[in-house]
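The values are calculated or read from the model by the stated rules, or taken from the named source; none is laboratory data. All values derive from a computational prediction rather than experimental measurement. Cβ atoms come from the backbone with ideal geometry, glycine included; neighbour counts cover every protein chain shown.
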């Protein structure tokens, strides 16, 4: 279980407040780990947790389907002239129980990537998944409690002077929506 006491981002579930937009800055490098800075902080973040709050009453249940978080990820200005996001900006490596949410990306210019996480269902981790054998059908069951589920991916960017494409380490974004038992 991924224990998070205080999430970095909480997405409210109210008629007039059901999304969150946050900014991140990424400092790419050709040989070292890429640094990610959250909301203009001076220390890099090791991971980013997002909690989708549940509706408080039945009238607001339809709002849960509208909730989303939008992460606006910019290349650090100190290197932006030498780098641009490549392809769709990310390479997905794996995601636990990822049928419980949708992810989309868009590059608005070469230096800005918009990553949106939406339609988040209660994040139960599936038990019985055989991640090493994708050639067979498996039956899975939902865990008893919801978890923070990691979205494993890498940023992809092109180093313009060399023409080479690089992938970052996993920036560790994790999402959660509580189930009915919480």
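Here residue 165 fulfils each of the conditions (1) over 20 Å from residue 71 (Cβ atoms); (2) surrounded by fewer than 17 Cβ atoms within 10 Å (Cβ to Cβ); (3) modelled with pLDDT under 95 apart from (3). Scanning the range 40-66 for residues that are under 23 Å from residue 16 (Cα atoms) and within 19 Å of the chain's Cα centre (by Cα) gives 49, 50, 51, 52, 53, 54, 64, 65, 66.
Scanning the range 1-45 for residues that are surrounded by fewer than 14 Cβ atoms within 10 Å (Cβ to Cβ), at pLDDT below 90 and not in a loop (DSSP other than H, G, I, E, B) yields a total of 1.
For the range 150-161, the criterion of being at pLDDT 80 or above and loosely packed, with under 11 Cβ neighbours inside 10 Å is met by at least one residue.
Selection over the range 150-182 of residues that are in contact with a helix residue (DSSP H, G or I) (Cβ under 9 Å, 6 or more places away or on another chain) and in a strand (DSSP E or B) gives a count of 3.
Take residue 112 and tell me if it is touching a strand residue (DSSP E or B) at 6+ places or on another chain (Cβ under 9 Å) and over 28 Å from residue 54 (Cα atoms). The answer is yes for residue 112.
Every residue in the range 55-88 that is touching a strand residue (DSSP E or B) at 6+ places or on another chain (Cβ under 7 Å), outside any strand (DSSP E or B) and at pLDDT 95 or above, please. Those that are touching a strand residue (DSSP E or B) at 6+ places or on another chain (Cβ under 7 Å), outside any strand (DSSP E or B) and at pLDDT 95 or above: 76, 79, 82.
Evaluation of residue 52 against the conditions (1) touching a residue at least 60 places away in the same chain (Cβ under 8 Å); (2) over 19 Å from residue 176 (Cβ atoms) shows that the sole unmet condition is (2).
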